[in-house]
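Report on the following structure.
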Amino acid sequence: MEIEKLPKNTDYYEFDNSHSYWPAIRFYLKRACQAIHYHNAKWWCDLHTGEPIQRNAGELLMLIVSEIAEGMEGHRKGLMDDKLPYRPMLEVELADAVIRILDMAEGFGLDIAGALVEKCKFNTTRHDHTRESRLAHGGKAY
Ligand SMILES: [Mg+2]
């Protein structure tokens with residue numbers, strides 16, 4: 001989509017530029033990590049003994065990738081989800097990926113909420129993300 005043709009009437013353009021919403025996003029994203037990890041606690045215990053286990057980071061990262069791949073197939077084939085059949089498969093698989101990311105972050109003690117807010121703020125300062133940089137030779141098309 002060309003930049004000039006980006007939709008103008010979206011909530012994105014309704015945001016003020018004061019960044020006043022970032023503390024709330026950080027707070028509620030941390031709460032989401034905790035809630036999702038709580039509901040996924042059974043995956044962090046030995047199936048037979050119930051004892052806590054240390055999850056393998058590489059395995060968890062590949063499970064996140066598998067959700068993204070499922071979303072791609074759903075989008076490519078125009079499928080609705082099989083478990084939530086009133087929703088597009090892409091939507092549900094992206095949700096699965098987010099669930100896995102937030103669960104992993106909490107399980108590994110990562111401050112993903114803080115990192116997300118800081119990275120979003122940082123990205124607003126990046127010259128290579130500006131319209132003129134993107135339009136320049138060698139600029140990022142997407
Ligand atoms: Mg899935």
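Coupling constants for the stretch 50-61 follow from the phi torsions by the Karplus curve (6.51 cos²θ - 1.76 cosθ + 1.60, θ = phi - 60°), and in residue order they are x, 6, x, 10, 8, 6, 8, 4, x, 4, 5, 5 Hz; glycine and proline get x.
Annotation: amide H-H contacts under 5 Å for Met80 (H modelled 1.01 Å from N, sequence separation of 5 or more, or interchain): Met89. Determine the shape class of the stretch 91-142: with a ≥ b ≥ c the square roots of the Cα gyration tensor eigenvalues, call it rounded for a/c under 1.5, and otherwise prolate if a/b is greater than b/c, oblate otherwise. Since a/c reaches 1.5 but b/c is at least a/b, the shape of the stretch 91-142 is classed as oblate. When peptides 64-72, 23-31 are ranked by their average number of other Cβ atoms within 10 Å per residue, the highest-first order is 64-72, 23-31. Couplings 3J(HN,Hα) of the stretch 116-121, computed from phi: 4, 5, 5, 6, 4, 5 Hz, in residue order, whole Hz [Karplus 6.51 cos²θ - 1.76 cosθ + 1.60, θ = phi - 60°; x for Gly and Pro]. For the stretch 30-45, the Karplus equation 6.51 cos²θ - 1.76 cosθ + 1.60, evaluated at θ = phi - 60°, returns couplings of 4, 5, 5, 4, 5, 5, 5, 5, 4, 6, 10, 4, 5, 7, 10, 10 Hz by residue, with Gly and Pro reported as x. Taking a ≥ b ≥ c as the square roots of the Cα gyration tensor eigenvalues, with a/c under 1.5 meaning rounded and otherwise prolate when a/b beats b/c, else oblate, which class fits the stretch 23-131? Oblate shape, in that a/c is at least 1.5 and b/c is the bigger or equal ratio.
Rule-based calculations on the coordinates, nothing more; no lab input. Remember, it's a predicted structure, so these values are computed and weren't measured experimentally. Reconstructed Cβ throughout: ideal geometry from the backbone, glycine too, with neighbour counts over all protein chains shown.
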